[in-house]
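Novice: Got a structure here, written out as structure tokens. Questions coming.
No lab work stands behind these numbers, since they all come straight from the coordinates. The structure displayed is predicted, hence computed values, not measured ones. Here the Cβ positions follow ideal geometry from the backbone for every residue, glycine too, while neighbour counts run over all protein chains shown.
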Amino acid sequence: MAQYDDLLAQIPIGDIAKQLGIDEDVAEDAVKQVLPGLVGGLKANADEGGQASLERALQKHQGAKLRGVSDVDTADGEKIVKHVFGDKEDAVVSTLAGSSAKSEVTDVIIKKVLPIVAPIVLAWLANKFLGGSSESSSKGSSGGGLGDLLGGLLGGGGSSKSSNSGGPDLGDLLGGLGGLLGGGTK
């Protein structure tokens, strides 16, 4: 889960907590709920034939330096979230909030965190997939590279994620989102 931890390290959790007026541990838990939901939604869209659209979105975010919340275009984040989840956004938000071990992580907090985190996730994916490192140059036109990158963020740890770094049980969370994310999310 090194890539998941690398992505998590890119999220300015302290800034998010300050902006939303919540405790940092609540912000961290909300982000840990949001990440697999967003990545799962991106993967579902790519798997449903939206890979070319996702690659175009990644090109727009390539090279973005998002070091703090003030660097994030939340209007762009709202568009990303709407595109990823479509009319299922409220159901996904509810599922993500319900998966948190902290009762303070509500639908309202998840809904505020999503558009902050979404551009950061796309920027991170763009830099991994489109450039910067030798592992990202193996994208190829078959699309396996992007699917592998998204799948690598979601898999490989499952329930061990919960015990290793306090994140959600990805298997349980994604299982709960499965019916919501599959089909019609574009």
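Novice: What ³J(HN,Hα) values, in whole Hz, does the Karplus curve 6.51 cos²θ - 1.76 cosθ + 1.60 give for the range 64-74 when θ = phi - 60°, with x put for Gly and Pro?
Specialist: Those phi angles translate into 5, 10, 10, 8, x, 4, 5, 7, 8, 8, 5 Hz.
Novice: OK, next. Along each principal axis of its Cα atoms, how long is the range 41-98 end to end? Whole angstroms, biggest number first, please.
Specialist: That gives 30, 27, 15 Å along the principal axes, largest extent first.
Novice: What ranking of L35, L8, L114 emerges when the number of other C-beta atoms within 10 Å of each C-beta is taken as an exposure proxy, fewest first?
Specialist: Placing the least packed residue first, the sequence is L8, L35, L114.
Novice: Further question on the same structure: Please compute the Cα-Cα pair-distance distribution of the range 1-133 with 5 Å bins starting at 0, giving whole percents from short to long.
Specialist: The distribution over the range 1-133 is 2, 11, 22, 25, 22, 13, 5, 1, given as percents.
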